[in-house]
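Each remark here refers to the structure printed beneath this line.
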Amino acid sequence: MTNSSITRLCIIGATGSVGSSVLKVCRLFPDKFSIHSLCAHKNIETMLSLITEFRPKKVLMTDHSAASELRSRIGDSCQIMGGLESLEELATDSGSDQIIFASSGTQAITALQKALMANKNISLANKESIVVAGPWVMPLVRRQDQLRPLDSEHNAIWQCLRGEETKTVKRIFLTASGGPFRNMSLKELEVVTPVMAGKHPVWKMGQKITIDSATLMNKGIELIEAMNLFELHHSKVKAVVHPGSLVHGMVEFTDLTVKLMASYPDMTLPAATAMAFPERLDMSRISLPEFNLTPLNLCFEEPDLVRFPCLGLAMEVAARGGPYPALLVGADEIAVESFIRGEISFMQIATVIRKVLESYSGKDPVDLEESIFILEWARNKARLLCK
Ligand code: NDP
Ligand code: MG
């Protein structure tokens, strides 16, 4: 931190859905946050408008040609870096106090590792990274609350656990809206299209996580994310469907007290809590519908693992550990891409992932490099299966 009370941010994934929630918080509280650096893959138009508005000192486009074009369009007004190889440099730059990991995919894994080693504060939305790298990056966390979960359910659990000891946790529950197909039969699910899967009933998110929410794989990935973040055995981490999407997470303690964390479903709220910790910001500055709990919107259901087999697969993976989390993430990424391109059906997403999990006969990863190698193996295997 600098002497002033302003937190200087580096936002990785600035042009995306979570990135826009983070930037909304920055707009509301210019006295609390300044933008040191921004990173995206290749969305030049959005980045140009962010540069004009926030005047970052450094910008990284991980796509080289996007970086060159951006350079030619803005001249010397800020330093434009290009290529994924510069991500670690950006995430460890001494000019930023807090790094927001809000990119999609797994390309920021080693940058996350290096940012923790550099003792940066981190707000983490990118769940794929922690699922693949958890066993190797979590031991790098030096201070309580150095790693602040931004994913809404994990942010909720994190808030419930404040002032509590992990050994007193009996179970945690992550809520799922149930996605757009919650009430569909298996027969109907066979023929749903990418356009239908792309319409989430509650959250407006990037394309990959929206499809993962329709298959419930998002909740499965989140179970493993929670095991890593809160160091919990898989038997203590549960998913529950809550269509009202007002309760985001619950913790049951050994004395059978249950804490629920609830708020209006808007990613700006968990973003603000993570970014400003330990302070609570005055978020009444954004106009959100009034928070209103009624018996009607406080319903919970068991997830149906027959209609949503991806969640079952992720639960198996959570129990098995070893290479399986990386296999799951890699296979899901490719299967979802193939579904979006119309190459496989919605229900075949789970079939492809199961086949990838079953066909792995290698050893357990002993370090992060090996886990990333297994992730790549799963991608290649899934590509073959989707052909
Ligand atoms: P989006 O698809 O909306 O945005 C992705 C962002 O990542 C864009 O800024 C994109 O840049 C950038 N990006 C893509 N590839 C790279 C790369 N190799 N290096 C650097 N930046 C890259 O995704 P979301 O915002 O929906 O999700 C981001 C992450 O947060 C995911 O891991 C998701 O699971 C998680 N998450 C999302 C939530 C949500 O509400 N959306 C909620 C909780 C977690 P460009 O635009 O140039 O392609
Ligand atoms: Mg979530």
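Side notes on the structure shown:
- Of all residues assigned to region 248-257, at least one qualifies as being closer than 23 Å to GLY13 by Cβ, outside any helix (DSSP H, G or I) and within 16 Å of ligand 1 (Cβ to nearest atom).
- For beta carbons closer than 7 Å, sequence separation of 6+ or different chains, a first residue in region 143-154 that is more than 8 Å from ligand 1 (Cβ to nearest atom) and a second that is polar (S, T, N, Q) and part of a helix (DSSP H, G or I), the qualifying pairs are PRO149/ASN155.
- Pick from region 192-246, criterion among the charged types (D, E, K, R) and within 14 Å of ligand 1 (Cβ to nearest atom), ranking: nearest to PRO139 (Cα to Cα): GLU225
- The set of residues in region 27-55 being under 24 Å from the mean Cα position of the chain (by Cα), in a loop (DSSP other than H, G, I, E, B) and free of Cβ contacts under 8 Å to residues at least 60 places away in the same chain consists of LYS42, ASN43.
- Residue match in region 284-294 (condition: assigned to a helix (DSSP H, G or I) and within 20 Å of the chain's Cα centre (by Cα)): no
- Pairs, first within 16 Å of GLY330 (Cβ to Cβ) in region 215-234, second modelled with pLDDT under 95 and among the aliphatic types (A, V, I, L, M), C-beta under 7 Å, six or more apart: none
- Between LEU232, LEU260, the distinction of being out of contact with any Pro (no Cβ under 8 Å at 6 or more places or on another chain), at pLDDT 95 or above, closer than 27 Å to ALA133 by Cα and surrounded by fewer than 22 Cβ atoms within 10 Å (Cβ to Cβ) belongs to LEU232 only.
Let's see how each residue does on (1) among the acidic types (Asp, Glu); (2) at pLDDT 95 or above:
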| residue | (1), (2) |
| --- | --- |
| GLU279 | yes, yes |
| MET283 | no, yes |
| ILE286 | no, no |
| LEU296 | no, no |
| CYS299 | no, no |
| LEU305 | no, yes |
| CYS310 | no, yes |
| GLU316 | yes, yes |
| GLY321 | no, yes |
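- Given (1) touching a residue at least 40 places away in the same chain (Cβ under 8 Å); (2) among the small types (Gly, Ala, Ser); (3) surrounded by 13 or more Cβ atoms within 10 Å (Cβ to Cβ), index of the condition SER359 fails: (1)
- Checking GLY13 against (1) buried (at least 19 other Cβ atoms within 10 Å of the Cβ); (2) at pLDDT below 95, the condition it does not meet: (2)
- Options ALA125, ALA108: the member that is more than 16 Å from ligand 2 (Cβ to nearest atom), buried (at least 24 other Cβ atoms within 10 Å of the Cβ) and of a type in the set (A, V, I, L, M, F, W, C): ALA108
- Counting residues in region 69-79 that are within 13 Å of ligand 1 (Cβ to nearest atom), closer than 30 Å to ASP367 by Cα and part of a helix (DSSP H, G or I) gives zero.
- Entry remark, region 101-123: residues being in contact (Cβ under 8 Å) with a residue 60 or more places away in the chain, within 9 Å of ligand 1 (Cβ to nearest atom) and not β-branched (Val, Ile, Thr) number 7 in total.
- Hey, ASP332 charged (D, E, K, R) and farther than 20 Å from ALA226 by Cβ or not: no
- Per-region count, region 60-98, residues free of Cβ contacts under 8 Å to residues at least 24 places away in the same chain and either under 12 Å from LEU48 (Cα atoms) or of a type in the set (Gly, Ala, Ser) (or both): 11
- Candidates PRO265, PRO243: the one that is in contact with a helix residue (DSSP H, G or I) (Cβ under 9 Å, 6 or more places away or on another chain), within 14 Å of ligand 2 (Cβ to nearest atom) and of a type outside the set (S, T, N, Q) is PRO265.
- Residues satisfying the stated conditions in region 7-26, i.e. away from ligand 1 (no atom under 13 Å from the Cβ) and either assigned to a loop (DSSP other than H, G, I, E, B) or free of Cβ contacts under 8 Å to residues at least 60 places away in the same chain (or both): CYS26
- Helices (runs of 4 or more DSSP H) fully within region 308-387 counting 2 or more residues that are touching a strand residue (DSSP E or B) at 6+ places or on another chain (Cβ under 9 Å): 309-320
- Every residue from region 68-101 that is more than 16 Å from ligand 2 (Cβ to nearest atom), surrounded by 17 or more Cβ atoms within 10 Å (Cβ to Cβ) and of a type in the set (Val, Ile, Thr): ILE80, THR92, ILE99
The values are calculated or read from the model by the stated rules, or taken from the named source; none is laboratory data. All values derive from a computational prediction rather than experimental measurement. A quick note on method: Cβ atoms are made from the backbone with ideal geometry, for glycine too, and the neighbour counts reach across all protein chains shown.
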